[in-house]
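Worksheet: the structure to be examined is printed underneath.
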Amino acid sequence: MGKWYRLLLVAVGAATMLAMVSPVSADDFAGRSAYRQGNYELARTEFGKDATSVSLFFLALMELRGEGGRPDLSRGMELLRESAEQNYFAAQYLLGTRYLYGAGMPADRVRAKKLLAAAAAQRDYRAIALLEILGRGSRGEKQDMKGVVEAVRKAASRGNAAARNTFGFMYLIGDGVPKDAGQEIRWYRAAAAGGDSRASFMLSLMYFHGDGVPRNLGEAARLMRIAAERGGARSEFFLGTFYYHGTGIPQDKAQAAFWIGKAAGKGYGEAQYAYGMMLLAGDGVPVDKTGAVDWLVKAAKQGNTGAQAVLRELVALRTAPVGVPALDLSVPRGGNGAYDTAIGGPYLQGKGVVLDQGDYSLKFSLPDLTDAYAPPPAPGAPLDLKSRLQGGKFEIIFPTGK
């Protein structure tokens, strides 16, 4: 067929929306909400969509307890180790206690203390309290765990923000206290009032969704800013999306780029993808194609499929900036590759729908490009191009060369 040179009639600004993840799709929130309501079947489904450290922890917890199914100790421990290896404090604490008391594995006090210290460094007050108890001499698992609950309760009542957030989390998962959504929210609010970033982040999403509290976008934005100003990469990223969409605060693309860029610099994959797309489009920042490719490569290497797809598209279009070395992402074609299988007549290619006109082709790029990959609503159903192309941009593709 020869080379394809594409005349780009529209800048990639519309594509930026692909990178802007809304808090609606926060990685673990839907699963946590279902878990809070006791809908373990739905929680398993939601947590199973993304292998984040948080999702892995809750899946481990449900496997170990048999919530929503039969207990599976082997699978639960496998998931718990994965979550702990990804540095999730709750998994480090739980795995540490299991090593400490030999629950489901040989006891290993040295490894237990390392895990508890890692959780304590992330302000899990249960780990802080347990390490203090061990320093005074352990009295055994049952008495130690009672001591942990009492220590967290006392510290929370005295105004310790980290203890308050930990106490709220304990009410969510039923750790030494009964599961109680009202108490969970009460202690999150108290922790957020004391400046705790983790509690502020969680409450922000709860206000955004109206989950357990009345929906209030202004309060969601206020709390997310508190969390972001205390340096959490995920909260920085979500504050950026609030600014990008004007969620509870005036829309400000420059502020969006600032916060998303900060999160990207801390290694947060979704932020790296989003920031790369903003640099590529000049959306809130000056156009910087070389910098864009750098950030997209970083996100792609973390397994971000959106970044991988955009990089393939850039390579296919031969629009990689001059001076950028050849990309070696080691990602196989197919699935989310550069070209999808033809489905008859119009077909999906990369991030758009292509209509072959003989001497040239038209490629329509969608406002939300992820829709291009959505399967038909039912097997064998026709592709509804009219609805998918609403508001779309397009390119003219000329075949030339040998």
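The numbers here are math on the coordinates, done by the rules we state, and not lab data. Remember, it's a predicted structure, so these values are computed and weren't measured experimentally. Don't worry about glycine lacking a Cβ; one is built from the backbone with ideal geometry, like all the others, and counts go over all protein chains shown.
Beyond 25 Å between alpha-carbons counts as too far, so tell me which of 266/289; 49/113; 114/146; 113/262; 114/179 fall in that bin. Let's see the in-between values first.
Details: 266/289 21 Å; 49/113 32 Å; 114/146 22 Å; 113/262 33 Å; 114/179 28 Å.
As for pairs spanning more than 25 Å Cα to Cα, those are 49/113; 113/262; 114/179.
Each label point was placed 7 Å from the Cα along the Cα-to-Cβ direction; for residue 302 and residue 158 their separation is 3.7 nm.
Between residue 287 and residue 85, 0.36 nm times their residue separation minus their Cα-Cα distance comes to what? Before the final figure, lay out each step's value.
On the way: separation 202, 0.36 × 202 = 72.72 nm, distance 3.70 nm.
Extending this stretch completely gives an extra 69.0 nm.
Give the residue list of trypsin sites (Lys or Arg not before Pro) in the stretch 26-127 that are DSSP loop and have at most 13 other beta-carbon atoms within 10 angstrom. Before the final figure, lay out the partial values.
Details: sites: 32, 36, 44, 49, 65, 75, 81, 98, 109, 111, 113, 114, 123, 126; in loops: 49, 123.
Counting only loop positions with at most 13 other Cβ atoms within 10 Å, the trypsin sites (Lys or Arg not before Pro) in the stretch 26-127 are 49.
The mean sequence distance of close C-alpha pairs (under 8 Å, at least 6 residues apart), as a share of the length of the stretch 61-183, puts its relative contact order at 13 percent.
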